There are 2 protein chains.
Amino acid sequence: MADVAAEAHVSVKTVSRVVNHEPGVRPDTAERVRAVIERLGFRRHDGARLMRQGRTFTIALVVEDLANPFYSQIGAAVEREARIRQHQLITASAEGSPSRERAVIEALVGRRVDGIVVVPADESASSDAVLEASHTPIVYMDRPVRGTPRDTVLSDNQGGIRSAVEHLVAHGHRNIAFYGDDPAFWTARQRRDAFVATHEGLGLPSSPRVSMGPHTVGSVRETLIPWSAGPEPISAVITGNNRITLAVLLALRELRLPLSLVGFDDFELAALIDPPVTVVHQDPAAMGQKAAQQLFARLLGDESPAQTVVMPTRLIVRASGLRRAPLGR
Amino acid sequence: MADVAAEAHVSVKTVSRVVNHEPGVRPDTAERVRAVIERLGFRRHDGARLMRQGRTFTIALVVEDLANPFYSQIGAAVEREARIRQHQLITASAEGSPSRERAVIEALVGRRVDGIVVVPADESASSDAVLEASHTPIVYMDRPVRGTPRDTVLSDNQGGIRSAVEHLVAHGHRNIAFYGDDPAFWTARQRRDAFVATHEGLGLPSSPRVSMGPHTVGSVRETLIPWSAGPEPISAVITGNNRITLAVLLALRELRLPLSLVGFDDFELAALIDPPVTVVHQDPAAMGQKAAQQLFARLLGDESPAQTVVMPTRLIVRASGLRRAPLGR
DNA sequence: TGCGGGAATGACAGCGTTGTCTGACCACCG
DNA sequence: CGGTGGTCAGACAACGCTGTCATTCCCGCA
């Protein structure tokens, strides 16, 4: 900028004015400055500018793994919200590790990002102190965090599972099993609890059959065999996420068990699988958008108490959930 | 930092030294400073630091749409490379628009990112001047760009298609159709050309049957019907990307045509579809990693001529490509 | 011709750091 | 007891920009 100023025989301030389209520069002066800028290939250093102004016009997104479609859809939505507000988005992966997440967040705070959207690795709020001290607004997604209440955007896990159970029951199923993920995950617990609650609420026979934990085709098979034989054989399965849906699907195929299936989480091509899989669809893009909007509201000065938004889920009925329950019993 | 300095009765420089673990501070002084830092919740402002140092320790990734698995896998890989080098990653979507891409790149250059990885929206190199002037290293991915040679990481489209054709021919197919994407896309042209070339190279009967353009189930059906009837009916199809694979799959299912299929691009659950789809797998994660590594090499001063790397593809054989061609004709 | 007043321009400080250089202090040696 | 050399600490400028305020310019008018 100093070079341009010298070359155009004006002060740096005048160059600054021209660059920022501020008023108060005579057209011919502005023209001259612009010519020099063009000739020298000058480009404003936004880092310096932003530092002067105390804001970075940057927000950040911290997730476990960007390659995971759930997170990448969130990423795309958050980026979009950022872009239309002239902000840039820094994305970072914590790889599921709370300590790495903490390090990442500290680095982001060090850069003075204006705000952060996080899908937290655990519920420990380990970065709370840092965020508090730096007054960096944060929005949590997909699972809540203990401690100081913060803006949070969740999926309606309970409603989703409930709709799945009800759907199956409406089609005559009375014996339904649930395969959930490791109960260390909050969402896994939510879904399991919703299954059990709905199961009991509807007064289904026998106690709910639930299998939690990381699942493989093998681990699924082990429970699937006894549950589908015996006196009260299951006729349908609900799964807690799409990895498990996959495992169950493979196990069912392998064992040639024609059970109904409703999976939590939609996935690409669920419609093409044979049989097409009925799913509880959650909308990561909508969640991401909501979270970003909430964050920007804070950036614009919204000081209302922290809010938790629960985004609706939707049952997408495809063939796999339609198979009628066997007659009798 | 000034506050800390005052409170600890030292100069800002000493605080700086403590913060950065520079030598030459007496342990007790350092301890005192650290205590004040802790008490005041001071945190170094990395923006200012980086500005002083002239580097931002930030790279950027510009793609069409982060939600697309191809790009998000690239994103995850690039982020990983950045993270292990203590850099941050800014991701930006151009939504396939060259002008938006240009605007995005200019904004990034304005922020003085250290380097950029781009999956270009078109071949026009519209940001070349900006990049040239700012000396920002750039690596292009997935498709080349005209003009000044730049580092580029491509997929072996030709080899991939060739292996698909050869695979089908080895299984007895003589009449194979190709459905490609809009020839406006460089990759679509590459794949089509490779199909035609291989087709001719192998001396297959009749002229190659090729259908390009954005495809829907409907548009596929329209050519599929005549091609699979008539004197030289096709017995296999090769598709140019996974959206088209999907359309063809649906069309085949609808028309109840038992043709063999090999798709370009793997996709989640390709193995679960009935029949499991044989695909030419390209590895976006490896491509992203390679591109990032190339970029960092430049950042470390590598001044060798621009390089084009072609990443191998791999044929993943599943049932859909194994069906034998009908005997006789 | 002188003057008032708005428009155009510039000087300067400061955003929060760090690199460079200078200075204070201390211990040790002859 | 003076000199030497090393350690620790601080002053200052600079990175590239912008906000504030002061100054200059120019025009119209009396």
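The values are calculated or read from the model by the stated rules, or taken from the named source; none is laboratory data. The structure presented is a predicted model; accordingly, all values stated were derived computationally and were not measured. Glycine gets a Cβ as well: all are built from the backbone with ideal geometry, and neighbour counts include every protein chain shown. Ligands, DNA and RNA are stripped out before the accessible areas are found, and what is left, the full protein with its side chains, is counted by its heavy atoms. Shrake-Rupley method; radii C 1.70, N 1.55, O 1.52, S 1.80 Å.
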*asked:* Given the options B:GLU232, B:GLU268, B:GLU222, name the one that is among the acidic types (Asp, Glu), within 14 Å of chain A (Cβ to nearest Cβ) and farther than 29 Å from B:ARG85 by Cα.
replied: B:GLU268
*Please go through the stretch B:23-63 and pick out each residue that is more than 10 Å from DNA strand C (Cβ to nearest atom), within 30 Å of B:GLU101 (Cβ to Cβ) and of a type outside the set (A, V, I, L, M).*
B:ARG55, B:THR56, B:PHE57, B:THR58
*Taking the stretch A:67-79 only, how many residues are at the interface with another protein chain (Cβ under 7 Å from one of its Cβ atoms) and either touching a residue at least 60 places away in the same chain (Cβ under 8 Å) or surrounded by fewer than 19 Cβ atoms within 10 Å (Cβ to Cβ) (or both)?*
4
*Can you name the number of the only condition in (1) modelled with pLDDT under 95; (2) among the β-branched types (Val, Ile, Thr); (3) in a strand (DSSP E or B) that A:VAL62 fails?*
(1)
*asked:* I'd like to know if the stretch A:85-105 contains one or more residues that are assigned to a helix (DSSP H, G or I), surrounded by 14 or more Cβ atoms within 10 Å (Cβ to Cβ), within 9 Å of another protein chain (Cβ to nearest Cβ) and not basic (Lys, Arg).
replied: yes
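Just checking, how many residues over the stretch A:118-135 are within 13 Å of another protein chain (Cβ to nearest Cβ) and either touching a strand residue (DSSP E or B) at 6+ places or on another chain (Cβ under 9 Å) or under 29 Å from A:ASP182 (Cα atoms) (or both)?
Keep residues of the stretch A:118-135 that are within 13 Å of another protein chain (Cβ to nearest Cβ), which gives A:127-135.
The next check asks that each one be either touching a strand residue (DSSP E or B) at 6+ places or on another chain (Cβ under 9 Å) or under 29 Å from A:ASP182 (Cα atoms) (or both); those that pass are A:127-129, A:131.
Of the residues in that region, 4 qualify.
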_Extreme residue, farthest from the other protein chains (Cβ to nearest Cβ), among residues of the stretch B:48-66 that are surrounded by fewer than 22 Cβ atoms within 10 Å (Cβ to Cβ) and more than 26 Å from A:ARG49 (Cα to Cα)_ = B:GLU64
*Kindly list the number of the only condition in (1) near DNA strand C (Cβ under 8 Å from one of its atoms); (2) buried (at least 17 other Cβ atoms within 10 Å of the Cβ); (3) free of Cβ contacts under 8 Å to residues at least 40 places away in the same chain; (4) within 13 Å of chain A (Cβ to nearest Cβ) that fails for B:ASN20.*
(2)
*asked:* Given (1) free of Cβ contacts under 8 Å to residues at least 40 places away in the same chain; (2) open to solvent by less than 40 Å² (accessible area, probe 1.4 Å), identify the lone condition not met by B:ARG189.
replied: (2)
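So which strands (runs of 3 or more DSSP E) stay within the stretch A:229-325 end to end and still have 1 or more residues that are more than 30 Å from A:LEU89 (Cβ to Cβ)? So that I can check it myself, show each step before the final result.
On the way: elements: A:236-239, A:260-264, A:278-281, A:308-311, A:314-316.
Strands (runs of 3 or more DSSP E) meeting the threshold: A:236-239, A:260-264, A:278-281, A:314-316.
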_Going by what's in this entry, would A:ARG44 be described as within 7 Å of DNA strand D (Cβ to nearest atom), open to solvent by 30 Å² or more (accessible area, probe 1.4 Å) and within 11 Å of chain B (Cβ to nearest Cβ)?_
yes
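Can you pull out every residue in the stretch B:272-289 that is at the interface with another protein chain (Cβ under 10 Å from one of its Cβ atoms), of a type outside the set (A, V, I, L, M) and open to solvent by 20 Å² or more (accessible area, probe 1.4 Å)?
Narrowing the stretch B:272-289 to residues at the interface with another protein chain (Cβ under 10 Å from one of its Cβ atoms): B:272-275, B:277, B:284-285, B:288.
Next, from what is left, pick out any that are of a type outside the set (A, V, I, L, M): B:274-275, B:284, B:288.
Of everything in the stretch B:272-289, those that are at the interface with another protein chain (Cβ under 10 Å from one of its Cβ atoms), of a type outside the set (A, V, I, L, M) and open to solvent by 20 Å² or more (accessible area, probe 1.4 Å) turn out to be B:ASP274, B:PRO275.
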*asked:* Out of B:LEU257, B:LEU295, B:LEU261, I need the residue that is of a type in the set (A, V, I, L, M, F, W, C) and open to solvent by 10 Å² or more (accessible area, probe 1.4 Å). Which one?
replied: B:LEU257
*Determine whether B:VAL36 is away from chain A (no Cβ under 11 Å), open to solvent by less than 30 Å² (accessible area, probe 1.4 Å) and among the β-branched types (Val, Ile, Thr).*
yes
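Do the conditions hold for B:LEU108, that is, is it within 9 Å of chain A (Cβ to nearest Cβ), open to solvent by less than 30 Å² (accessible area, probe 1.4 Å), under 19 Å from A:ASP65 (Cα atoms) and at pLDDT 95 or above?
Working: within 9 Å of chain A (Cβ to nearest Cβ): yes; open to solvent by less than 30 Å² (accessible area, probe 1.4 Å): yes; under 19 Å from A:ASP65 (Cα atoms): no; at pLDDT 95 or above: yes.
Criteria not met by B:LEU108.
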*Flag if A:GLY203 is farther than 26 Å from B:LEU269 by Cβ and not assigned by TED's automatic domain parsing to the domain that holds A:VAL117*: yes
*For the stretch A:117-137, how many residues meet the condition of being buried (at least 20 other Cβ atoms within 10 Å of the Cβ) and touching a residue at least 60 places away in the same chain (Cβ under 8 Å)?*
2
_Out of A:SER126, A:SER99, A:SER72, I need the residue that is of a type outside the set (Val, Ile, Thr), in contact with a Pro (Cβ under 6 Å, 6 or more places away or on another chain) and more than 16 Å from DNA strand C (Cβ to nearest atom). Which one?_
A:SER126
*Take A:VAL12 and decide whether it is in contact with a Leu (Cβ under 8 Å, 6 or more places away or on another chain), more than 12 Å from every other protein chain (Cβ to nearest Cβ) and within 13 Å of DNA strand C (Cβ to nearest atom).*
no
